[in-house]
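Have a look at the structure below before the remarks.
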Amino acid sequence: MAFALGRSSSTAILASRSLSSPSPTHFVPLLSLTPAHGNGKKSFRSIRIQGKKERPLVQCNVAAEINTVEQAANLSKESQRPVYPFAAIVGQDEMKLCLLLNVIDPKIGGVMIMGDRGTGKSTTVRSMVDLLPEIRVVFGDPYNSDPEDPESMGIEVRESLGKGEELSVVMTKINMVDLPLGATEDRVCGTIDIEKALTEGVKAFEPGLLAKANRGILYVDEVNLLDDHLVDVLLDSAASGWNTVEREGISISHPARFILIGSGNPEEGELRPQLLDRFGMHAQVGTARDAELRVKIVEERARFDQNPKEFRESYNAEQEKLQQQISSARTSLSSVQIDHDLKVKISKVCAELNVDGLRGDIVTNRAAKALAALKGRDKVGAEDIATVIPNCLRHRLRKDPLESIDSGLLVIEKFYEVFS
């Protein structure tokens, strides 16, 4: 059994797993716990399900159960392979900024990172795990449903709310899902639950990676080598926020709002322009040419390989500072304003660069506001726009699939021409 305690010490919500059949987890959200009297401690001695006939009282200790769950979670965390700290990444400021802005405002639409091999693209993306803030999710829900946002809820959670049932809510870190190149469409989108079909003879849906990535991050390494039909599925889900699956008589839609991050080496091929346009931002990563900087990167990596735990501890203060910055920026983002005059100039830059569609305008506005929030300001300035506009527009300038992506020089020149 797993328990989620509310603020009051006299009430709690119990999520109970059925042990009588191999079917997926079922939850009983309406529960009241009678506190034990006399010692004043947070332990409970009896359980009664509301709306049902009274059953024999079951002796239990909620605190002990919670401690067991927490210990298991901590043990699992310790057993995971160590991740290189984000604060320890030397250089690559453009890539780091694009990642931070997408965490602050997921509606920017993700980031495509292209650059030379061996420049730390995958290392930097995976190092974001430690910085991701916590979010409220419905306990046990496979879609990480937001208890307060109907657009981010799975079907079962919405039905429970419609019946007036209470939901068990827990705080958890934003999830980061790695999509391997060999993944099949069934594994990505979801498929039939074979176990339930064989044991119970019913059709049931088994969620895929898109369900797991809801309200989190989906990372695709070497995205330019991924099958085009899978890339289309990912980008459609990222743009609409929903994944629809049609399998063997089952039709289901579930929320799939995630930050799509792709990385790749341009030598292995570029994505076609229609797919590139779906990524909110584009970051270019180059190999460091300064000898001193290269030596520093090599030494830091050697320190990490020698003693990962000690290396991570040496960056704890900087990591915590970044976490606080991100959390504060996410909180203040809604209050950041951008003048109408600046919006007009952004759109003028997009129009004169012949950018197709309006995604460039929208993303530039969002990214500039996220940068202002990261800097602790409540108003966007021209310098914020100058910083983000090359990353928001340069991958949208390519019309011919055989052309290479502009370095951003054309965007900067047009920016100063319009904003001067």
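The values are calculated or read from the model by the stated rules, or taken from the named source; none is laboratory data. What you are looking at is a predicted structure, and each value in this text was computed from that prediction instead of being measured. Ideal geometry is used to build each Cβ from the backbone, glycine not excepted, and the neighbour counts take in all protein chains shown. Quick note on the areas: whole protein, heavy atoms, side chains included, nothing else; ligands and nucleic acids left out. Shrake-Rupley method; radii C 1.70, N 1.55, O 1.52, S 1.80 Å.
Quick notes on this one:
- Placing a pseudo-label 7 Å from each Cα along the Cα-to-Cβ vector at Arg294 and Lys345 gives an inter-label distance of 4.0 nm.
- Among residues other than Ala256 with Cβ under 12 Å from its Cβ, the summed charge is +1 (Lys and Arg +1, Asp and Glu -1).
- The stretch 288-420: C-alpha gyration tensor shape, a/c 1.5 cut-off, then a/b vs b/c: oblate
- Restraint check, Lys107/Lys379; Lys296/Lys379; Lys345/Lys375, Cα-Cα greater than 26 Å: Lys296/Lys379
- Evaluated with a Cβ-only charge set (Lys, Arg +1; Asp, Glu -1), the stretch 77-198 carries a dipole of roughly 540 debye about its Cα centre, given to the nearest 20.
- Additional length obtainable on full extension of the chain from Thr199 to Asp232, 0.36 nm per residue less Cα span: 8.4 nm
- Extension gain from Trp242 to Asp356, taking 0.36 nm per residue of separation minus the Cα-Cα distance: 38.6 nm
- Sum of side-chain charges, Asp105 neighbourhood, beta-carbon under 11 Å (Lys, Arg +1; Asp, Glu -1): +4
- In this calculation the C-beta distance from Asp116 to Thr184 is compared with R0 = 30 Å, giving a FRET efficiency of 0.50.
- Positive-end residue of Val157, Asn214, Thr244, charge dipole of the stretch 156-268 with Cβ unit charges: Val157
- Contour minus Cα-Cα distance for Glu134 and Glu151 (0.36 nm per residue): 4.2 nm
- Taken one residue at a time, the phi angles of the stretch 313-326 give Karplus couplings (6.51, -1.76, 1.60, θ = phi - 60°) of 5, 5, 10, 4, 4, 5, 5, 5, 4, 5, 4, 5, 4, 5 Hz. Gly and Pro are set to x.
- Net charge contributed by nearby residues that have their C-beta within less than 12 Å of Asp149 (K/R +1, D/E -1): +1
- The residues of the stretch 290-420 have, on average, 58 Å² of accessible surface per residue, using a 1.4 Å probe with all protein chains present.
- The overall shape of the stretch 245-286 is prolate: from the C-alpha gyration tensor, with semi-axes ordered a ≥ b ≥ c, the ratio a/c is 1.5 or greater and a/b exceeds b/c.
- Annotation for Ser332 and Glu310: the two label points, set 7 Å from Cα along the Cα-Cβ direction, are 3.8 nm apart.
- For the stretch 270-360, the Cβ-based charge dipole about the Cα centre amounts to some 200 debye (Lys, Arg positive; Asp, Glu negative; other atoms uncharged).
- Shape of the stretch 153-257, Cα gyration tensor, a/c cut at 1.5: oblate
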